2 protein chains.
Amino acid sequence: MNQTPWQPISPAKPVRASREPLTRERIVDAALRLLVEQGYEAVSMRKVAQALGTGPASLYAHVANKKELDQLMLDRAAAEMDLPDVDPEQWQEQLKAAMREILRVMRAYPGLARAAIGQVPLGEHALLTTERMLAILKAGGVPDQAAAWAVDLIPLFITATAFEESVQGAAGVAPEDLDVFVDQLRSYFGSLDPARFPLTIALAAAMTTGASGDDRFEFGAQVIVAGLASMVPRD
Amino acid sequence: MNQTPWQPISPAKPVRASREPLTRERIVDAALRLLVEQGYEAVSMRKVAQALGTGPASLYAHVANKKELDQLMLDRAAAEMDLPDVDPEQWQEQLKAAMREILRVMRAYPGLARAAIGQVPLGEHALLTTERMLAILKAGGVPDQAAAWAVDLIPLFITATAFEESVQGAAGVAPEDLDVFVDQLRSYFGSLDPARFPLTIALAAAMTTGASGDDRFEFGAQVIVAGLASMVPRD
DNA sequence: GTTCGTCAACGAACAGTGTTCGAAAGTACG
DNA sequence: CGTACTTTCGAACACTGTTCGTTGACGAAC
């Protein structure tokens, strides 16, 4: 009755939203997938949203900001850490094993270490990791204050190591190019002025050893563990 | 003769360029000034250019990219480091003094540590720093391979420390708020489930001690130095 | 079934980043 | 003066994180 002959032609409305509602968990899943595939720098709100079939603004209903997304990813990573049981006779080796495990997980998420730096690890899983390290240290007789500070120092070392690796990985150094780089570095050291850099020249080979593999990390772990052991009172 | 009555009104041409030609050195100066005043994140090509009275594109005639500018700033910082002379009887204290000096300079340039991570320090000044550390380590009888790797480990620790501090500083934690934060952290630790986090609870006070000042850094330095000392053969 | 309130989803826009490209201006040399 | 080269510059690109206002979906109450 009220129909006019010029009904407006309304454009087809795009279907709204993806079929599955967004959740924080889905967002973290998508972000971690992106991180594993393309590295940390590739994890932008836009890319995460795109992977979920939505727009970046939609994410903000579930995570406060990018920083919070980072922390959620970190806690997810920490959930994968499986630290060794405590054995007082083996505390030093166990501490090293714990360090290796933390590094293993960090390596699985290239660049995520960047998000860990400067943050007090308060996620549930991170706290469980801290608790286990404390247990190992106390089992070894490390004094309270040293143990308390060691659970800062150790993650600092591991995080920095993981972060450094990720920076180098992101710079696109292929494994086969590493030997070339090492050779160039040795040549460079060898070309320095012997009057000013005698030790650098003398130790060039040693300094360029262990560029691949875990030798450097294991060395650092040994230094830290031995340093902590030196703080254990003698009975 | 050829003058028409409708002379175009041409807008006044802006004076071109700053009076003083751009140089790489001026660019690094401006960048470091910005960094000291506003922190590393504030050092954008636009801001640097603006401080020099030009546009960001002009900078690229002198520095390849932002990353190169970062490295130039780093080498400038390294030039300020004044490491102690070598005394074999005091090598451990000297190594710690060297570490303090490196940290001091890093602190003077908040956030610059980020640029150091993952880079092999090949600038002239950085190499002189490495050489001095090697001298200290060798004077102390540290084996070659350990010394060679120590000159990676030590800067890694210091750089990570400086970087962590700068992240916390950039988050805007005022000195007077630090006590509040520490109290909140203790309360948080105290509120954890004692069945799952007995040591975290027991050591909460110790873990939140030393949030300001250098206690944590000094602890880390002592651990590393003691660890290295454990590698010195006994005669 | 209808209405209302709440919340999630969304697009547009903002303010910012590093960088490139082509044009214009400056400088040195023949 | 003309030419070649270099520096400077504006516009634009492709991207970042985030906000704001609107729309749509959903559940509860009537």
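Laid out as a table, the results:
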{"item": "Residue tally, condition open to solvent by less than 60 Å² (accessible area, probe 1.4 Å) and within 9 Å of chain B (Cβ to nearest Cβ), over the stretch A:223-235", "result": "8"}
{"item": "Residue ID - most open to solvent (accessible area, probe 1.4 Å), chosen from residues in the stretch A:191-208 that are polar (S, T, N, Q) and more than 7 Å from chain B (Cβ to nearest Cβ)", "result": "A:191"}
{"item": "Close pairs from the stretch A:27-53: first open to solvent by 20 Å² or more (accessible area, probe 1.4 Å), partner outside any helix (DSSP H, G or I), Cβ under 8 Å, at least 6 apart", "result": "A:36/A:109; A:36/A:110; A:40/A:109; A:40/A:110; A:40/A:111; A:40/A:112; A:41/A:111; A:53/A:18"}
{"item": "Some residue of the stretch B:58-65 being within 14 Å of chain A (Cβ to nearest Cβ), surrounded by fewer than 17 Cβ atoms within 10 Å (Cβ to Cβ) and within 16 Å of DNA strand D (Cβ to nearest atom)", "result": "yes"}
{"item": "Close pairs from the stretch B:169-196: first within 23 Å of residue B:40 (Cα to Cα), partner at pLDDT 85 or above, Cβ under 7 Å, at least 6 apart", "result": "B:169/B:110; B:170/B:39; B:170/B:41; B:170/B:111"}
{"item": "Single condition residue B:103 does not satisfy, out of (1) modelled with pLDDT of 90 or more; (2) touching a Ser or Thr at 6+ places or on another chain (Cβ under 9 Å); (3) within 10 Å of DNA strand D (Cβ to nearest atom)", "result": "(3)"}
{"item": "Residue tally, condition within 11 Å of chain A (Cβ to nearest Cβ) and under 9 Å from residue B:163 (Cα atoms), over the stretch B:104-116", "result": "3"}
{"item": "Criterion violated by residue B:142 - all others in (1) in a loop (DSSP other than H, G, I, E, B); (2) crowded, with 17+ Cβ neighbours inside 10 Å; (3) at the interface with chain A (Cβ under 10 Å from one of its Cβ atoms) satisfied", "result": "(3)"}
{"item": "Close pairs (7 angstrom Cβ cut-off, 6 or more residues apart or separate chains): within 18 Å of residue A:195 (Cβ to Cβ) in the stretch B:121-134, among the aromatic types (Phe, Trp, Tyr) anywhere", "result": "B:127/A:197; B:131/A:197"}
{"item": "When residues of the stretch B:66-91 are limited to those that are more than 13 Å from the chain's Cα centre (by Cα) and open to solvent by 70 Å² or more (accessible area, probe 1.4 Å), the one farthest from DNA strand D (Cβ to nearest atom)", "result": "B:89"}
{"item": "Residues that are open to solvent by less than 30 Å² (accessible area, probe 1.4 Å) and under 16 Å from residue A:206 (Cα atoms), drawn from the stretch B:92-139", "result": "B:127, B:130, B:131, B:133, B:134, B:135, B:137"}
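The values are calculated or read from the model by the stated rules, or taken from the named source; none is laboratory data. Being a predicted model, the structure only gives us computed values, none of them experimental. Every residue, glycine as well, gets a Cβ built from its backbone with ideal geometry; the counts of neighbours run over all protein chains shown. Just the protein is used for accessible areas: all its heavy atoms, side chains included, with ligands, DNA and RNA removed. Shrake-Rupley method; radii C 1.70, N 1.55, O 1.52, S 1.80 Å.
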